[in-house]
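Student: One structure is given below, represented as structure tokens, and several questions about it will come after.
Rule-based calculations on the coordinates, nothing more; no lab input. These figures come from a predicted structure and were not determined experimentally. Positions of Cβ are backbone-derived with ideal geometry, glycine not excepted, and every protein chain shown enters the neighbour counts.
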Amino acid sequence: MADKWATWLLKTRFGGDKEAEREGMRWLVGVRDRVLDGAGIKDGYSVLDVGCGDGLIGCGAMERVGPCGRVIFMDISEDLLSAAREQVQAAGLDGSSEFVVASADDLTMLADDSVNAVTTRSVLMYVEDKAKALREFHRVLKPEGRISLAEPINRYSHDRRDRERFRGCLLPGMEETARRLNDFFVDEREECAPMLNFDERDLVDMSETIGFRQIHLDLDIDVGPSPPISWKRFLGAAPNPHVPALAEALDDLLIPDERRRFEEMARPQVEAGAGIQRRAMAYLWAVK
Ligand SMILES: C[S@@+](CC[C@H](N)C(=O)[O-])C[C@H]1O[C@@H](n2cnc3c(N)ncnc32)[C@H](O)[C@@H]1O
């Protein structure tokens, strides 16, 4: 059985919905290009992609470094490293690639001053000690090397949410159910704490303290109506690798009558896009 990172990234993140996957990937390609632009990658560079997943950023980096360059794909998930290796082969990418199992906060297998760029997307959010990881990125970079990262700032929407709603849906008369679901998915989940223990200013401050000499951060905040989605997709998607898909949680947490009432109230709102969506994404690049 695939590990939880691979199961989420390759199966449940889009709720098994092909249209959602196409939409999500369109957005991710834009994020990828922004991360790669921030890294200032040139022909022949060596790039370390931390938390490479199935290869989104690393494959893009391979195209930019060309046949004389080198990309190190690094992740804690062996299953995802295999998926990334398959992507590299399927794309017929030239240049050298390595696939390494390691954690972002311990890159001891890499020498000091050994790569031109470190990229990462949506990985630090899962790492408890972000400063330790950033220190490792700084250590392995050559002088003048760059980190470039994109991280969701989940604290932005978390601090503004109404706990009596669940995923944007108003549940009049079912506030206790909404609170129980919110507790289950975020508030009482220790492994979700790193997703909320930082914001964009912390990323800048940590980078400065560690010794990066030039730092730039863009913060994108989008607030608007949540897009209308099918009930199947709403039930099938898991928002992150630490939690199950909603359908599974509803089966475990709600009694049948409560579950029926939840669907009666939430479904029309989900299908009509009646909720509010708040998203914040930080893009940081910094020079050693
Ligand atoms: C949201 S996915 C992002 C994957 C990839 N960067 C992308 O842009 O598609 C998070 C990735 O971080 C990896 N990950 C989680 N904790 C990690 C850690 N401590 N060190 C390195 N990778 C980690 C997961 O295995 C997963 O591949």
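Student: Considering the options L80, G60, L10, tell which one lies farthest towards the positive end of the dipole of the stretch 6-80, charges being +1 on Lys and Arg and -1 on Asp and Glu at the Cβ, about the Cα centre.
Tutor: Comparing the listed Cα positions along the dipole, G60 ranks first.
Student: Compute, for the chain, the length of the dipole vector about the Cα centre, with Cβ point charges of +1 (Lys, Arg) and -1 (Asp, Glu) only. Units Debye, rounded to 20.
Tutor: Rounded to the nearest 20 debye, it is 600 debye.
Student: Evaluate the charge dipole of the stretch 130-229 about its Cα centre and quote only its size in Debye, nearest 20, assuming +1 on the Cβ of each Lys and Arg and -1 on the Cβ of each Asp and Glu.
Tutor: It comes to approximately 340 debye.
Student: For E175 and E248 in one chain, what is 0.36 nm times their gap in residues minus the Cα-Cα distance, to one decimal in nm?
Tutor: Once the chain is fully extended between E175 and E248, it gains 24.3 nm.
Student: Relative contact order for the stretch 4-287: what percent, with Cα pairs under 8 Å and sequence separation of 6 or more?
Tutor: RCO, the stretch 4-287: 22 percent.
Student: With θ set to phi - 60°, apply the Karplus curve 6.51 cos²θ - 1.76 cosθ + 1.60 along the stretch 239-253 and write out the HN-Hα couplings as whole Hz, x wherever there is a Gly or Pro.
Tutor: 3J(HN,Hα) across the stretch 239-253, in whole Hz: x, 7, x, 8, 10, x, 4, 4, 4, 5, 5, 5, 4, 7, 9.
Student: Report the extension gain between E63 and D94 in nm, rounded to one decimal, defined as 0.36 nm multiplied by the number of residues separating them, less their alpha carbon distance.
Tutor: Full extension of this stretch gives 10.4 nm more.
Student: Using 0.36 nm per residue, how much length does the chain from D205 to A2 gain when fully extended, once their Cα-Cα distance is taken away?
Tutor: Gain in length upon complete extension: 69.4 nm.
Student: For L217 and D43, FRET efficiency with R0 = 35 Å and r from the beta-carbon atoms, rounded to 0.05?
Tutor: The value I calculate is 0.85.
Student: I need the shape label for the stretch 218-288. Rule: rounded when a/c is under 1.5, else prolate if a/b > b/c, else oblate, with a, b, c from the alpha carbon gyration tensor.
Tutor: Oblate shape, in that a/c is at least 1.5 and b/c is the bigger or equal ratio.
Student: Can you tally the net charge around D205? Count Lys and Arg as +1, Asp and Glu as -1, for every other residue whose Cβ sits under 12 Å from the Cβ of D205.
Tutor: Around D205, the charge tally is -2.
Student: Whose amide H sits under 5 Å from the amide H of L171, counting only residues 5 or more places off or on another chain, with H placed in the peptide plane?
Tutor: Placed amide hydrogens put F166 under 5 Å from L171.
Student: Taking the alpha-carbon set of the stretch 1-108, what are its Rg and Dmax in Å?
Tutor: Just the Cα atoms of the stretch 1-108 yield Rg and Dmax of 13.8, 41 Å.
Student: Report the paramagnetic label zone for F184: residues of the stretch 203-243 whose backbone N is under 20 Å from a point 7 Å from Cα along the Cα-to-Cβ axis.
Tutor: Only 231-243 pass the distance filter.
Student: Under the rule of -39500 (n - 2.57) per DSSP H run of 4 or more residues, summed and divided by the residues of the chain, what mean residue ellipticity at 222 nm is obtained, to the nearest 500 deg cm²/dmol?
Tutor: -12000 deg cm²/dmol
Student: Moving on to the next point. Label point 7 Å out from I276 along Cα-to-Cβ: which residues of the stretch 199-239 have amide N under 18 Å?
Tutor: Taking a point 7 Å out along Cα→Cβ of I276, the residues of the stretch 199-239 whose backbone N falls under 18 Å are 221-228.
Student: Continuing with this model, one more query. Pairs of alpha-carbon atoms within less than 8 angstrom and 6+ residues apart define the contacts here; what relative contact order does the stretch 179-268 have, in percent?
Tutor: So the answer I get is 19 percent.
Student: I would also like to ask the following. Sort all Cα-Cα distances of the stretch 4-287 into consecutive 10 angstrom bins from zero, then give the percent of pairs in each bin up to the one containing the longest distance.
Tutor: Histogramming the stretch 4-287 at 10 Å steps yields 6, 27, 33, 21, 10, 3, 0 percent.
Student: Right, another one. Using a simple spin-label model with points 7 Å from Cα along the Cα→Cβ vector, what separation in nm is obtained for L28 and K232?
Tutor: Once both label points are built, they end up 2.1 nm from each other.
Student: Please list 3J(HN,Hα) in residue order for the stretch 212-220, calculated via the Karplus relation 6.51 cos²θ - 1.76 cosθ + 1.60 where θ = phi - 60°; whole Hz, with x for glycine and proline.
Tutor: Going residue by residue, I get 5, 9, 9, 9, 9, 9, 10, 10, 9 Hz, with x marking Gly and Pro.
Student: Would you mind telling me the antiparallel percentage of the DSSP bridges in the stretch 4-287, rounded to 5?
Tutor: Antiparallel bridges: around 50 percent, rounded to the nearest 5.
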